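Chemist: Have a look at this one.
The values are calculated or read from the model by the stated rules, or taken from the named source; none is laboratory data. Bear in mind the structure is a predicted one, so any value in this text is a computation, not a measurement. No Cβ is skipped: glycine too gets one built from the backbone with ideal geometry, and neighbour counts run over all protein chains shown.
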Amino acid sequence: MEIDARSDGRNLLAAAVVGATATVAGRRIVARLTRGRFGDAEEYNAAKVTISGPITRKSGRPSPLSGPGGTTADEVVEQIEAADEDEEVEALIVELNTPGGEVLPSDDIRRAAADFDGPTIAYATDLCASGGYWIASGCDELWARDASLVGSIGVVGSRPNAAGLADKLGISYEQFTAGEYKDAGIPLREIEDDEREYLQGIIDGYYEQFVDTVSEGRDMDPEAVRETEARVYLGSDALEIGLVDEIGTEDDVEERVESLIGAEPEVREFTPDRGLAERLGIGAERVAFAAGNGVASVFADEGGDVDVELR
């Protein structure tokens with residue numbers, strides 16, 4: 001039996017590289033996860049909270065691809081309140097990259113930002129739409145990038161209509177209720193005209209509340225808000241119609257903070273106060289994914305096609 005020394009050498013080298021990569025990645029992740037938990041003496045005078053993804057009270061399970069589950073609205077409110085109570089914090093940056101979400105959770109965050117004792121700047125990165133704009137209207141200023149998408153001042157409600165499918169399957173709907181509209185919108189039967197009007201009235205009520213909130217917070221004429229017709233605008237166009245105050249990068253936002261507090265800003269990001277076990281659990285998933293990706297990249301064919309997607 002012959003032994004291919006070169007093959008064994010390559011295998012050992014690949015294993016060593018993967019092991020070292022996982023070890024280094026693990027150390028870095030643990031360091032990041034535990035940073036600030038054991039007497040971090042970092043100096044700061046401004047706080048930043050980040051709202052990324054759909055705005056909701058609940059978050060999905062963490063994914064090694066996307067990182068921890070999205071920060072919930074209640075967690076964001078806690079972060080803002082913690083920053084407000086911190087004597088070192090003089091200003092607040094609310095970074096937004098969200099398509100919007102639920103009405104009341106969005107309003108909870110807006111109220112927390114509006115109650116912050118100090119200057120507040122909302123900063124739209126990729127997307128600040130719908131509930132994200134609702135939140136931004138509670139800040140003193142809204143900044144965006146030229147290519148940011150901003151706006152979508154509108155409300156959507158929907159219901160599935162499974163009445164046709166129920167008929168095909170021989171499923172009949174029977175429910176006992178007290179109150180004429182208690183079962184309005186049930187998907188197993190066709191919606192009645194008066195029910196449609198009733199449900200549309202709820203959506204219209206939310207929309208009027210949205211318009212009033214934006215017009216008051218952004219000091220805009222309510223009719224000008226309605227004229228946007230729930231469109232999204234590029235940051236530069238949003239600036240022209242008054243939906244945005246300034247165009248700039250994160251560095252520009254920090255320069256603005258400096259002018260507001262009269263000192264060079266040292267920004268601390270306030271994040272959810274998750275337990276160490278949960279943090280390390282998320283880190284372990286990332287290490288496992290990174291190690292697997294490393295193995296794949298070692299043995300992958302370098303001549304493959306590259307797919308580019310815009311979503």
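Chemist: Filter segment 131-164 for residues that are polar (S, T, N, Q) and modelled with pLDDT of 95 or more and give the result.
Modeler: Within segment 131-164, S137, S148, S152 qualify.
Chemist: May I pose another question? With the requirement that a residue be part of a helix (DSSP H, G or I) and farther than 12 Å from A144 by Cα, what does segment 230-250 give you?
Modeler: Of the residues in segment 230-250, the ones part of a helix (DSSP H, G or I) are 235-240, 250.
Answer for segment 230-250, where residues must be part of a helix (DSSP H, G or I) and farther than 12 Å from A144 by Cα: just E240.
Chemist: Same structure again: Give R189, R256 a once-over and let me know the one that is more than 23 Å from P105 (Cβ to Cβ) and modelled with pLDDT of 90 or more. Working first, answer last.
Modeler: Numbers: R189 fails: modelled with pLDDT of 90 or more.
Of the residues listed, the single one that is more than 23 Å from P105 (Cβ to Cβ) and modelled with pLDDT of 90 or more is R256.
Chemist: With respect to L169, determine if the residue is surrounded by 13 or more Cβ atoms within 10 Å (Cβ to Cβ) and either in the same structural domain as R111 (by TED's automatic domain parsing) or modelled with pLDDT under 90 (or both).
Modeler: On the way: surrounded by 13 or more Cβ atoms within 10 Å (Cβ to Cβ): no; either in the same structural domain as R111 (by TED's automatic domain parsing) or modelled with pLDDT under 90 (or both): yes.
Against the criterion (surrounded by 13 or more Cβ atoms within 10 Å (Cβ to Cβ) and either in the same structural domain as R111 (by TED's automatic domain parsing) or modelled with pLDDT under 90 (or both)), L169 does not qualify.
Chemist: Take E81 and decide whether it is modelled with pLDDT of 95 or more, surrounded by fewer than 16 Cβ atoms within 10 Å (Cβ to Cβ) and in a loop (DSSP other than H, G, I, E, B). Before you say what the answer is, go through the steps one by one.
Modeler: Details: modelled with pLDDT of 95 or more: yes; surrounded by fewer than 16 Cβ atoms within 10 Å (Cβ to Cβ): yes; in a loop (DSSP other than H, G, I, E, B): no.
When the stated conditions are applied, E81 does not pass them.
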